[in-house]
2 protein chains.
Amino acid sequence: MPTRLTTYFLRTLREDPSDAEVTSHRLLVRAGYIRRQAPGVFAWLPIGLRVKEKIERIIREEMTNAGAHEVHFPALLPREPYEATGRWTEYGDGLFRLQDRKGADYLLAPTHEEVFTLLVKDLYNSYKDLPLSIYQIQDKYRDEARPRAGLLRGREFTMKDAYSFDYTDAGLDASYQAQRDAYERIFTRLGLEYVIVKADAGAMGGSKSEEFLHPTVVGEDTFVRSAGGYAANVEAYVTEVPDALPIDGLPAAVVLDSPNTPTIATLVDLANAEYPRPDGRAWTAADTLKNVVLALTHLDGTRELVAIGLPGDREVDMKRIEVAFAPAEAEQATEADFAKNPALVKGYIGPWSPLGAVLGEESASGIRFLLDPRVVDGTEWITGANLDQKHVFGLVAGRDFTADGTIEAAEVRAGDPAPDGSGPVELARGMEIGHVFQLGRKYADVLGLKVLDENGKLVTVTMGSYGIGVTRILAIIAEGNNDDKGLVWPAAVSPFDVYVLATGKDPAAFSAAEQVCAAIEATGRSVLYDDRPKVSPGVKFGDAELIGIPKIVIAGRGVAEGVVELWDRVTGERTPVAITEVADALG
Amino acid sequence: MPTRLTTYFLRTLREDPSDAEVTSHRLLVRAGYIRRQAPGVFAWLPIGLRVKEKIERIIREEMTNAGAHEVHFPALLPREPYEATGRWTEYGDGLFRLQDRKGADYLLAPTHEEVFTLLVKDLYNSYKDLPLSIYQIQDKYRDEARPRAGLLRGREFTMKDAYSFDYTDAGLDASYQAQRDAYERIFTRLGLEYVIVKADAGAMGGSKSEEFLHPTVVGEDTFVRSAGGYAANVEAYVTEVPDALPIDGLPAAVVLDSPNTPTIATLVDLANAEYPRPDGRAWTAADTLKNVVLALTHLDGTRELVAIGLPGDREVDMKRIEVAFAPAEAEQATEADFAKNPALVKGYIGPWSPLGAVLGEESASGIRFLLDPRVVDGTEWITGANLDQKHVFGLVAGRDFTADGTIEAAEVRAGDPAPDGSGPVELARGMEIGHVFQLGRKYADVLGLKVLDENGKLVTVTMGSYGIGVTRILAIIAEGNNDDKGLVWPAAVSPFDVYVLATGKDPAAFSAAEQVCAAIEATGRSVLYDDRPKVSPGVKFGDAELIGIPKIVIAGRGVAEGVVELWDRVTGERTPVAITEVADALG
């Protein structure tokens, strides 16, 4: 029996929802798939639930193929395991916390590493039990600061999260690869183009991490890739460190007047005008060393200033900064921060001044000083002299100043070399659709998950964590599959296989439509049938286009000659077909 | 491919979990179906998830048969709709409440009447859109005070909740009946015996309500039923009111000394000894009027005393009291309450004293006075005289005292008449497995859900609400289907259709078992195969019994002769069968 629009709980809307900022949100609401309940919190209407279940089915099949077993954890979890790993605090405002009637602390889980670890600890004790991969498809919670992109970044969202357990590094590699392979199959079946990029594993304490990004110009993530096959998100890009240069024989640094040059551009102009290079080459921003002061807020609430030195032709990338300092939060230092540190002369900050070292833990300011990896020993710089309206020229790294360490803080630019030598990178934008992660022994260490190995020795288990945002990829599929008329689902996730509609007032069209529905369903395909008797063809066509089932059959005047029309939602092409041949013609 | 124990994520436990107070909890944990995460909060392991999904599938099929469409709402919902209906407050400590990062109030939904109402209001506006029935299978939250019975009363639990929308009372009756019929089919398919009892609809503000109870001596609900077909839970039982008696000619009441008679038993003894009836019939407890003082705590926090007068041979039933006064909470009045009301002479309280009326809003105490419906005008009573050590005899209802109303507060006893005249009732115990409810217009009124009727007039929609606790009925099935060895699943919900085990060290047994698995799966049945190579037959048999799949095949020594054993988990019977005939023999 087809699903009939006269009784189905489906209503399309003529107007875009006022709060929808992205296409998927707008179309999924208008076409009756979802309905907003609160910021980032949605109800699934019948037709939306069908798409979600199709995606889940594909994921389940590939998880089974990867040897993973399905479990289901609660969303409501006690504080203690998350306290043990530090995530109760590290998640900050992003975690929904609550108390029960006895005042015990609970959370709505954002991911489940802790309790999966404890479950396996509970039930397993021997290397013979391993490897193990378990997963769930479950509703998760994150209190996003700006939940404005519909399902792309919800506060309640469905996720497939899998966890692997091994007792050797080689075992983890194999489990990781099995999930990674499954992800490739899943995204291929879903018709979702993807790029696998190296991701930063730092914040989670793991050793290896890759993201599956769907390339799209509206993506919120930037990644780099080389023609030679390198791909990484910008947070994970590692700068190629040039060789150090000889210091011997370099001239001494000189402090020169540089009035009104608080920016790199004004400084370069002045240098070229007033202090041209003897060899005639122009000074450029790349010859200057820019020192940026940031304020970190640590988990315990303390505030620390830190300075970053980088070539003046590069900006700091706050996303890279964020990853580099996580879980501390970084921001630009404020006027108040400068006021408290009179050793810093704003606009003219440098690591060195005639009065002594200014940046670095052993310096006058005591402010930690980190350098871009390109600032190797022997490089010469124009930089602030920590004296108002003065810069120092020819300051040599490793001779005149040193740092407390290096940091990946500078923006990555098109043309930068891939760290694996595979050529220059280009920048692209994408949306994260999956993430695979070698957690290593971090969680097992903290929570005490050990097994006996072949020699009867207790060894700590090594873990992986693998996530796909189910509701998110549904939205991403909708983002990538629509036109000005509405949604255009790929067949693999279309809520129904075929949309049948009858037009006009002639009962013959409706009975022909019924016949068509029956014939299609006899081939195992599902049908949504627009059987509304008093709705104009224009409205019916508009709804069919908005809802976006890729194959449409129209039963109209032609039925008198035994003919209906096949309407391809993708190409827009309409083809007359004999009623008796519709099921075959659908391919 | 069979699911193999060597790789399946399933571990049975030898010991009962220490916190398990009920059989289902104990066995489901021991057999590896569930694992506790917090009080009343459980994780589902793979084999448990299979049972849960089988139950859900049956429910879905019957919901579809009843014409209901599946949707899925979030668990996290904003306060406002629940504030509008009063449930934000009325749920008291039972509601999990939380705030987001902006301080907005949210709850974890215990049921979803409000948001279903708002969804339909959002999308529908005409009588032509109705009737509509929509449902979800979704995880719900209630902060139970004592979550000690495993899945029987969880704090996070899965529920099927359906809601119907009609614009006429007759429509609601039909929608209600369709759900009620679906429930009968569901419980029949699940092999769950049930009784449909009238339930109290008061607290939810509705007009009609029935519960599906599974009769069991360990049930937490008491219900009554007559041979003539009446059935109700005790909260919904309505007392048959006797006819009033003539008052004219009854003798005047007299106050008599009754030293040391603070209880009904001591009072009856003294009355028979000191003040025998002229006609020689003994006084009994039924001749006395007992006055019980309760303290109500209203939602706004105010405390009110209320007195209930009932025949001395009946106790008050606190469950009936609870329903009668909901949402106020009732408890016995405390010593402090009595101390504040000197008009009440504890142990000798009555509605009347020689000094004037004592109970009732117009009385000396001003305490509201409610009577059992059996205390009709013209009945004569021995009751307290509100003087220490004195009772009054021959106090006549309607002549010497009146009340502010009647109340269904007295216990129901076996032999009490069914209110529909179908004979005396008996008492039984049961567990609630489903609840169907005519909400009427309460929610639609408050939230403004109206549609245009045939005449273009706005009418308020009338609703029904229908619930089945999925995880609860799973536990109830486990409660009713086990023996001292473990679980014994009914075929309809068994996690696998057949359990195959190979014993001994002879590879022939294992290859015969593989052959059996393949033959069974070829008939469309699912198989769990105990392929563990080095586990003793005793352990294997024990696990098979604990896990409780009803049909077991043992491949052991007999395979040399081409024979395996069919082991019926229900009867314990073992039957040799030719390997080639196993699939057929399973029926």
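The values are calculated or read from the model by the stated rules, or taken from the named source; none is laboratory data. Only a predicted model underlies this, so the values are computations on that prediction, with no experimental measurement involved. With ideal geometry, Cβ positions are generated from the backbone for all residues, glycine too; neighbour counts draw on all protein chains shown. Remember, those area values only see protein heavy atoms, side chains included, never the ligands or the DNA or RNA. Shrake-Rupley method; radii C 1.70, N 1.55, O 1.52, S 1.80 Å.
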Requested in this report: Please report how far the C-alpha centroid of the stretch B:218-297 lies from that of the stretch B:56-70, rounded to the nearest whole angstrom.
Outcome: 49 Å
Report summary line: At R0 = 60 Å the Cβ-Cβ FRET efficiency linking A:GLU362 and A:ARG148, nearest 0.05, sits at 0.85
Query raised in the report: Does anything in the stretch B:437-455 have its amide N under 19 Å from the 7 Å Cα→Cβ label point of B:ASP122, and if so which residues?
Result: B:443-451
Query raised in the report: Taking the simple approach of a point 7 Å from Cα along Cα-to-Cβ for both A:GLN515 and B:GLU315, what is their distance in nm?
Result: 7.3 nm
**Report entry** Cα principal axis extents for the stretch A:429-496, largest first, Å
**Finding:** 65, 28, 17
Query raised in the report: Tell me, in nm to one decimal, what length is gained between B:ALA84 and B:ASP584 on full extension, where the rule is 0.36 nm per residue of separation less the Cα-Cα distance?
Result: 174.0 nm
Report summary line: Percent of all alpha-carbon pairs of the stretch A:280-349 at distances over 14 Å, whole number, is 64 percent
Query raised in the report: Semi-axes of the equivalent ellipsoid of the stretch A:78-144: what are they in whole Å, largest first, if each equals the square root of 5 times a C-alpha gyration tensor eigenvalue?
Result: 26, 14, 11
**Report entry** Size of charge dipole - the stretch A:19-63 - debye, nearest 20, with Cβ of Lys, Arg +1 and Asp, Glu -1, no other charges
**Finding:** 180 debye
Report summary line: Distances in nm between the label point of A:ASN65 (7 Å along Cα→Cβ) and its equivalents in the other copies, shortest first, are 3.6
Query raised in the report: Carbon and sulfur: what percent of the stretch A:227-309's accessible surface (1.4 Å probe)?
Result: 58 percent
Query raised in the report: Given a 1.4 Å probe, how much area per residue of the stretch B:281-409 is accessible, in Å²?
Result: 41 Å²
**Report entry** Cα Rg, Dmax (largest Cα-Cα span) when computed across the stretch A:383-422, Å
**Finding:** 15.3, 45
Query raised in the report: Per residue of A:39-50, how many C-beta atoms from partner chains lie within 10 Å of its own C-beta, taken as a mean?
Result: 5
Report summary line: Checked against the positive end of the charge dipole of the protein assembly as shown (+1 on Cβ of Lys and Arg, -1 on Cβ of Asp and Glu, about the Cα centre), the farthest of B:SER494, B:PHE96, A:VAL358 is B:SER494
**Report entry** Of A:TYR348, A:GLY280, A:ALA333, farthest towards positive along the dipole that unit charges on Lys, Arg, Asp, Glu beta carbons give the stretch A:276-364
**Finding:** A:GLY280
Requested in this report: Kindly give the distances from A:SER126 to its copy-mates, label point to label point, with each label point 7 Å from Cα along Cα→Cβ, as nm values to one decimal ordered shortest first.
Outcome: 7.0
Report summary line: Farthest towards the positive end of the dipole of the stretch B:101-171, among B:ALA149, B:LEU130, B:MET159 and with Cβ unit charges of +1 on Lys and Arg and -1 on Asp and Glu, lies the Cα of B:ALA149
**Report entry** Between the stretch B:501-572 and the stretch B:305-348, the alpha-carbon center distance in angstrom
**Finding:** 63 Å
Report task. Over 27 Å, how big is the tail of the calculated P(r) for the stretch B:10-151, in percent of all Cα pairs? Result -> 41 percent
Query raised in the report: Taking only the alpha-carbon positions of chain A and ignoring solvent, what does the Debye formula give for the base-10 log of I(q)/I(0) at q = 0.09 Å⁻¹?
Result: -0.86
Report summary line: Under the 7 Å Cα-to-Cβ spin-label approximation, B:ALA326 and B:THR402 lie apart by a distance in nanometres of 3.2 nm
Requested in this report: May I ask for the angle, rounded to the nearest 10°, between helix B:537-547 and the longest principal axis of chain B, with both axes built from Cα atoms and the value confined to 0 to 90°?
Outcome: 40 degrees
Query raised in the report: When the Cα centres of the stretch B:125-169 and the stretch B:405-419 are compared, how far apart do they sit, in Å?
Result: 31 Å
Report summary line: The size of the Cβ-based charge dipole (Lys, Arg +1; Asp, Glu -1) of chain B about the Cα centre, to the nearest 20 debye, is 2100 debye
Query raised in the report: If each of B:ASP105 and A:ASP16 carries a label point 7 Å out from its Cα toward its Cβ, how far apart are those two points in nm?
Result: 3.5 nm
Report summary line: To the nearest 20 debye, the stretch A:254-406 has a Cα-centred charge dipole, built from +1 on Lys and Arg Cβ and -1 on Asp and Glu Cβ, of 140 debye
Query - Shielding by partners - mean other protein chain Cβ count within 10 Å, residues of A:125-131 - result: 1
Report summary line: Scattering profile of the protein assembly as shown from the Debye formula, Cα beads only, expressed as log10 I(q)/I(0) at q = 0.04, 0.06, 0.07 Å⁻¹, is -0.32, -0.68, -0.87
Query - P(r) histogram, all alpha-carbon pairs of the stretch B:417-560 included - 10 Å bins from 0, percent - result: 10, 22, 19, 14, 13, 12, 8, 2, 0
Report task. Classify the stretch B:496-585 as rounded, prolate or oblate, taking a ≥ b ≥ c as the square roots of the eigenvalues of its Cα gyration tensor: rounded when a/c is under 1.5, otherwise prolate if a/b is larger than b/c and oblate if not. Result -> rounded
Requested in this report: Could you tell me whether the stretch A:254-406 comes out rounded, prolate or oblate from its Cα gyration tensor? Rule is a ≥ b ≥ c as square roots of the eigenvalues, rounded for a/c under 1.5, then prolate if a/b exceeds b/c, otherwise oblate.
Outcome: prolate
**Report entry** Förster radius 60 Å - calculated FRET efficiency between A:SER422 and A:VAL570, Cβ distance, rounded to 0.05
**Finding:** 0.95
Requested in this report: Per residue of B:60-72, count partner chain C-beta atoms within 10 Å of its C-beta, then hand back the mean as an integer.
Outcome: 3
Query raised in the report: If the stretch B:53-111 were replaced by its equivalent ellipsoid, with semi-axes equal to the square roots of 5 times the Cα gyration tensor eigenvalues, what would those be, largest first, whole Å?
Result: 30, 13, 11
Query raised in the report: What percentage of the solvent-accessible surface of the stretch B:1-123, computed with a 1.4 Å probe over protein heavy atoms, is contributed by carbon and sulfur atoms?
Result: 42 percent
Query - R0 of 35 Å, Cβ-Cβ distance A:ALA560-B:ALA174: FRET efficiency to nearest 0.05 - result: 0.35
Requested in this report: Pull out a ≥ b ≥ c, the square roots of the eigenvalues of the alpha-carbon gyration tensor of the stretch B:203-290, then state rounded if a/c is under 1.5, prolate if not and a/b is larger than b/c, and oblate in the remaining case.
Outcome: prolate
